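Trainee: Quick one: this structure, given as structure tokens, is what I'll be asking you about.
The values are calculated or read from the model by the stated rules, or taken from the named source; none is laboratory data. Small disclaimer: the values here were computed from a predicted structure and weren't measured. All Cβ positions, even for glycine, are placed from backbone atoms using ideal geometry, and neighbour counts span all protein chains on display. Heavy atoms of the whole protein, side chains included, go into the accessibility calculation; ligands, DNA and RNA do not. Shrake-Rupley method; radii C 1.70, N 1.55, O 1.52, S 1.80 Å.
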Amino acid sequence: MVAAVRVHKTGGPEVLTYEDTDIPAPGQGQIKMKTHAAGINFIDCYFRNGSYPSPVGLPFTAGNESAGEVIEVGPGVTDLKKGDRVAFVGPLGGYAAERIVPAERAVKLPDNITYEQAGAMMLKGMTVQYLVNRTFKVGKGSIVLMHAAAGGVGLILCQWANHLGATVIGTVGSKEKAELAKANGCHHTILYRNEDFVAKVKEITSGKMCDAVYDGVGKDTFPSSLDCLHPLGYFVSFGSASGQIDGFNINLLQTKGSLFATRPTLNHYVAKRDDLVASANDLFDKVGSGAVKIPVNQTYKLKDAQKAHKDLEGRGTTGASILVP
Ligand SMILES: NC(=O)c1ccc[n+]([C@@H]2O[C@H](COP(=O)([O-])OP(=O)(O)OC[C@H]3O[C@@H](n4cnc5c(N)ncnc54)[C@H](OP(=O)(O)O)[C@@H]3O)[C@@H](O)[C@H]2O)c1
């Protein structure tokens, strides 16, 4: 039996239950991993509260990202062995001291990446990797707006887009978060709880507006995010921390300037093994070279997962958060 955080019924943070669970031997093509760090992500809240249905039904072990060492390999696994350092994004099951995972989804960790970094960055970092390279290609001279710029995805995207030569504008919920975003590559910050962020974007860009808006806030920033774009700009709606956008009228894209809109998700961008490995390697390069730092600003014990979710949903965190067994 090993410690795990399980969800027996969907709901608020209180449904996260710390308990012992059985971990079987790894089956065909599987490995057993001892967890060293599990990432905490907003998607964990969507599964916990039922806005994303669990693919394995109820109960399930929470968590979509973790890093650790291989402690047992199942039949048919040839490219991993006991002692290898690995990380995973999905499937569910990250919040556990040990877990069974398909070897095919493992990414081997380079020596210069710690378990804590890997647990904190694989999901958020590979998300940024596709957002700035594949969803909209950020380059020298691009102007991008990142909502919740001091958050987990936010701080990584600010650094990465800055590194690629963009002017980065970020919205943040407090002055402290503004300072943090600025220290992580964000050129201009907007306190969107008090300021009209469309007017501020207009002022900052001298009316040029943005090439792309990266919006993981959702309901509260819609449809104003569209007004931050110039004609033919990209609205990248990649999350809904404030709630889902309902009733999106596609005609808005025409009236607001023949805009492009997409609602991407990491799973589709790394579904093929080659894409997973390429994305992870690009992330390892950026972190290894120091171009992108991974601020692990909150570390919780596995048993404190409820508090971790309350803090994340209560806008009380910055950068990345991890759980350690
Ligand atoms: N599509 C994908 O592939 C993908 C992958 C990873 C993450 N995501 C999305 O990216 C977003 C950020 O994820 P994260 O894990 O890095 O979280 P996070 O940004 O660390 O936390 C969410 C932040 O959103 C802001 N926010 C604004 N309104 C909020 C509200 N009503 N309730 C809670 N927070 C609110 C808060 O920042 P302020 O206080 O500064 O406003 C809060 O800190 C989420 O929407 C997540 O679903 C998408």
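Trainee: Please go through segment 118-140 and give me each residue that is hydrophobic (A, V, I, L, M, F, W, C) and not in a helix (DSSP H, G or I), ordered by number.
Mentor: Quick first cut of segment 118-140, residues hydrophobic (A, V, I, L, M, F, W, C) only: 118, 120-123, 126, 128, 131-132, 136, 138.
Hits for segment 118-140 are 136, 138.
Trainee: What number of residues within segment 217-242 are of a type outside the set (A, V, I, L, M, F, W, C) and open to solvent by 20 Å² or more (accessible area, probe 1.4 Å)? Reasoning before the result, please.
Mentor: Step one: filter segment 217-242 for residues of a type outside the set (A, V, I, L, M, F, W, C), giving 218-221, 223-225, 227, 230-231, 233-234, 237, 239-240, 242.
When the remaining residues are screened for being open to solvent by 20 Å² or more (accessible area, probe 1.4 Å), the result is 219-220, 223-224, 227, 230-231, 234, 242.
So the count comes out to 9.
Trainee: Name the one entry in 161, 103, 149 that is under 30 Å from residue 22 (Cβ atoms) and aliphatic (A, V, I, L, M).
Mentor: Details: 161 fails: under 30 Å from residue 22 (Cβ atoms); 149 fails: under 30 Å from residue 22 (Cβ atoms).
Result of the check over 161, 103, 149: 103.
Trainee: Here's a follow-up. Pick from segment 111-128 the residues that are under 15 Å from residue 155 (Cβ atoms) and open to solvent by 20 Å² or more (accessible area, probe 1.4 Å): which of them is farthest from the ligand (Cβ to nearest atom)?
Mentor: Going through the qualifying residues, I end up with 117.
Trainee: Same structure, new question: With (1) in a loop (DSSP other than H, G, I, E, B); (2) open to solvent by 20 Å² or more (accessible area, probe 1.4 Å) as the list, and residue 292 as the residue in question, which single condition is left unmet?
Mentor: Result: residue 292 fails condition (2) only.
Quick grid of which residues meet (1) exposed (fewer than 15 other Cβ atoms within 10 Å of the Cβ); (2) closer than 26 Å to residue 283 by Cα; (3) of a type outside the set (Val, Ile, Thr):
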site: 13; (1), (2), (3): no, no, yes
site: 38; (1), (2), (3): no, yes, yes
site: 45; (1), (2), (3): no, yes, yes
site: 83; (1), (2), (3): yes, yes, yes
